[in-house]
Every structure is written in structure tokens, then in C-alpha cells.
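Comments concern the structure below.
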Amino acid sequence: MNKTIFNGGLRMSELPLQEQPYEKCLAGGAGSLTDAELLSVILRTGSRGEPAVALSSRLLAKEHMGGLLGLMHTSVPELMRIRGIGRVKAVQLLCVAELSRRIAKSQAMANLHFTDPASVADYYMEDLRHLEQEVLMVLLLDTKGGRLGEEILSRGTVNATIISPREIFICALRYHAVSIVLLHNHPSGNPQPSPEDISLTERVRDAGHLIGIDLIDHIIIGDQRYVSMYREGLL
């Protein structure tokens, strides 16, 4: 039994449900809170007759949410269809998801090297793995391998992106890039390259040789997984 005494002489189990996550955090740190308790601290209040912890538990249990990860795939209108979630709470939840994405990206920035596929995949993972359509991005590099810029060149259907080498190199020439990295996601979560992916990689590689702009790699992002065409020997 938890015998820790909090303000007012009450044990945690005797505190109102709304106050328990705050005291639990003070006693054991934020890592001691469940997902629902963490969300309840953000939301602060529940709905009529339902404390924030109960509302958070119900939210995470929704079939379309799939737990905390579902916050990356939802919208304000979708959240507002859940009883007890109004516009303010919906915005709070989406901001939590976006803050989590930015924290992950900031941590990956320190190890980002464009000649290292693992560090590139790590840096762009949170940007791309949650998308429901394929996106093709080109990273534009200078003579020292530094980033001149990045551009999204194509947004495709759920299973295909249509792009030509011509469009890629028009972009590269505009930036005066000497090398490029292609990056795209597979919404299925499986990063294994399709025949179309391999064909595009070969055509971009060959076109780059003709005009003097090297294709360093083509990295495919899945769900916490990636494939580097360079490391697979496809470049």
C-alpha cells in the first residue's frame, strides 16, 4: 500500500482522482505516470462527471487512436468528435504531438551527417513516418557535404510517388548543389524498395553522372525502419 502522505495529510489513494497524477509526478517523476495520466496533466480538466484521467483513458482507448501514436495521425475535427474534447483540448493534444516530434528531431540534429544513412533516417524519421501519403524529398548539398536546402518535390497517393529525374535536377541546379540525397516514405511502414523505387534511383544516378551532380543515397523511411539504397548496393 502506498503510505506516502501528501498535502492535507491524505495518502495518494485518498486524493481526488484529478489530483493524483500531479502528486504522483512530484513523488516519482514524470516517468512514473501512465500515458493517460500524462495526458490528463496536459488537459487539466475532464468533462462533466468525468475526471481528466478517465477522459484521457477513454481517448487513448478509441479504436482509431491506437494509443499515443494516434495523436500523430489525427486532426482537430476528429478529436472534437470525441465526447469531452472541445476545440481547446483538441489543440492542446495536437501541440503535445508536435512538440514530441520536434524534440525527437532536435536530438537527432546533433548526429546528422548526410553521408551517414542512419543519421539522415533518424533526423527525418518523425517528419515522414506518420504521413499517410508518399512524399519525395531532395536534400541539396554543397562541396563539403553541408545542406544547402531541402525541398519536397512530390506528394503521391498512398502507394506511389511520380517524379522524373528532370524535376530533381532542375531543383539541384537552382541551389547550385554538387550532390543530392533522395528521401521518401512508405506509408505501409515497410521500407523495402519497390521496383519503381529502384528504377527511379538508377535513372537519377545515371542522369547525375552526365551533369556532374552525384546522387549520394536514396533513403526510404518506414515505421522506425529505413533502407539505404547505397548500403543495399543499388547505387
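Shape call for the chain from the C-alpha gyration tensor, a ≥ b ≥ c root eigenvalues: rounded (a/c under 1.5), prolate (a/b greater than b/c) or oblate? Each step should come with its number before you reach the end.
Numbers: a/c = 3.29, a/b = 2.47, b/c = 1.33.
Prolate is the answer for the chain, as a/c is 1.5 or above and a/b outweighs b/c.
Taking DSSP loops as anything outside H, G, I, E and B, show the longest stretch in the chain free of GluC sites (Glu not before Pro) there with at most 16 other beta carbons within 10 Å.
Details: sites that count: Glu19, Glu63, Glu132, Glu232.
Result, exposed sites excluded: 133-231.
Once fully extended, how much extra length lies between Gln192 and Ile163, figured as 0.36 nm per residue of separation less the alpha-carbon to alpha-carbon distance?
Values: separation 29, 0.36 × 29 = 10.44 nm, distance 1.88 nm.
Net length gain for the segment: 8.6 nm.
Scan the chain and report its longest stretch carrying no trypsin sites (Lys or Arg not before Pro) that are both in a DSSP loop and have at most 16 other Cβ atoms within 10 Å. Walk me through the intermediate numbers first.
Numbers: sites that count: Lys3, Arg44, Arg48, Lys62, Arg81, Arg83, Lys144, Arg225, Arg231.
Between the exposed loop sites, the longest stretch runs 145-224.
Going Cα to Cα from Lys24, which aspartates and glutamates come in below 12 Å? Please leave out same-chain ones fewer than 8 positions away.
Straight-line reach from Lys24, under 12 Å: Glu37.
Under a point-charge model restricted to the Cβ atoms of Lys and Arg (+1) and Asp and Glu (-1), what is the dipole moment magnitude of the chain relative to its Cα centre, in debye to the nearest 20?
Values: 24 positive and 27 negative charges, 183 e Å.
The calculation lands at about 880 debye.
Given 0.36 nm per residue, what is the gain on full extension from Val91 to Asp116 after removing their alpha carbon distance, in nm? Could you put the intermediate results ahead of the total?
On the way: separation 25, 0.36 × 25 = 9.00 nm, distance 3.62 nm.
Contour length minus Cα-Cα distance gives 5.4 nm.
Would you tally the net charge around Leu69, using a Cβ to Cβ cut-off of less than 12 Å, leaving Leu69 out, and scoring K and R as +1, D and E as -1? It would help to have the intermediate numbers written out before the result.
On the way: positive: Arg101, Arg129; negative: Asp35, Glu126, Asp223.
Net charge in that neighbourhood comes out at -1.
We did not get these values from a lab; they are worked out from the coordinates using the rules stated. This is a predicted model, so every value here is computed, not measured. Note that each Cβ is placed from the backbone with ideal geometry, even for glycine, and that neighbours are counted across all protein chains shown.
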